[in-house]
1. Heavy-atom accessible area per residue, the range 220-315, 1.4 Å probe: how many Å²?
2. Heavy atoms only, probe 1.4 angstrom, no DNA, RNA or ligands counted: give me Leu104, Leu260, Leu235 ranked by accessible area, highest first.
3. With the radius of gyration and the Kirkwood radius both derived from the Cα set of the range 210-294, what is their ratio Rg to Rh?
4. At a threshold of 8 angstrom on Cα-Cα distance, excluding pairs fewer than six apart, so keeping six or more, what relative contact order does the range 101-165 reach in percent?
5. Express the relative contact order of the range 219-332 as a whole percentage, based on alpha carbon pairs under 8 Å and six or more residues apart in sequence.
6. Decide, for the range 125-278, between rounded, prolate and oblate: order the square roots of the alpha carbon gyration tensor eigenvalues as a ≥ b ≥ c, take rounded if a/c falls under 1.5, and otherwise choose prolate if a/b is larger than b/c, else oblate.
7. Students often check this: by mean Cβ neighbours within 10 Å, which of 326-332, 146-152 ranks highest, and how do the rest follow?
8. Just tell me which lysines come within less than 26 Å, Cα to Cα, of Lys204; anything on the same chain fewer than 8 places away is out.
Amino acid sequence: MPPICQLRSVGGLVTTSLGRCGLRSSCHGRSANHRATWAPSSFVFAYWYSNRNRRPAMTSHVKALTSPYPGSQVERWPVPPEKVSWSVDWPEYEPVEYTARPVLAQPVWADPPHSNEDFHPKYNTLDGHVQRTSFEGVYLVEDGKPKNPSGRTGVTGRGLLGRWGPNHAADPIITRWKRNTSGEKVTDPETGKAILQFVAIQRKDCGQWAIPGGMVDPGEVITATLRREFCEEALNSLERAGEEKDTQERIQSLFSQDHLPVYKGYVDDPRNTDNAWMETQAVNFHDDTGHILDQLALEAGDDAGKVQWADISQNHSLYANHAHFIKIVAEKRGACW
């Protein structure tokens, strides 16, 4: 088993140009079962494990234990690190059940409630066009409901997530080398390594900085999701209909080149519950010369409040597991971290 690793606490001051960010939630309604707030960020715990297929994966239940649940006043049942795993017997565990009203309204991207007599999901397989398999292997189903493969979260139901079980997303990590006015790569004075930059967006829902990304639509191939999400969130393509031919050609050139697979698996996301969780594929598309990306005008759109180029650095505090993803990119590209 790989060694235990440490993660920074959630939120705090970001010592880069991204400024201050932290997880914040608007408050709508109250939980029927209030519990004292337990702050996992006060003693961050993370660990590595190998799943049944012995594929190393990062499982860090830190942000998936924060209270209140995003967009609500629902307090999670306090889950100490030693009781996160389902393998630990814990008869006293009584998590609050919560599914947000927008999800219960059954938009096209959401499953019906389990109480719906016509709803018969097929877990751990492709269920029609809905992908219900997990990158972490076969997950447990108990009393007809899937169980989070990374353990307890203090909340049952779906929260803000549409699907029971895995909710699949795609995160395009778009990078270029930082260059000076002469076009030369800028290096870090301490490490002597070149500095890599990535496209960062500030999420509207929580104010945190993140990699642009979003949910994979039923039946959609991952490459299409990666391109669509970058264009919608970082180029505001939804509002810029009829883009110039030059812009379309640059986007096509960027996403048709060889790419670097970065991560595929479970995401420590504040929206996760015992029965619904986020999984993603993070992929790096790199413009080595800068000729493609330098001429693309970034413009925030869709779920992004702001968008900008940011230096890749270990000082970033990013949404969910995103700091881990860009660290992998920096290491594989031989850049400063």
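The values are calculated or read from the model by the stated rules, or taken from the named source; none is laboratory data. Predicted model, so just to flag it, every value in this text is computed and none were measured. Positions of Cβ are backbone-derived with ideal geometry, glycine not excepted, and every protein chain shown enters the neighbour counts. Remember, those area values only see protein heavy atoms, side chains included, never the ligands or the DNA or RNA. Shrake-Rupley method; radii C 1.70, N 1.55, O 1.52, S 1.80 Å.
1. Details: 4180 Å² over 96 residues.
I get 44 Å² per residue for the range 220-315.
2. Leu104, Leu260, Leu235
3. Taking Rg over the Kirkwood Rh, I get 1.01.
4. Result for the range 101-165 is 34 percent.
5. 30 percent
6. prolate
7. Values: 326-332: 18.3, 146-152: 22.6.
With the highest mean Cβ count within 10 Å placed first, the list reads 146-152, 326-332.
8. Partners found: Lys63, Lys264, Lys306, Lys327.
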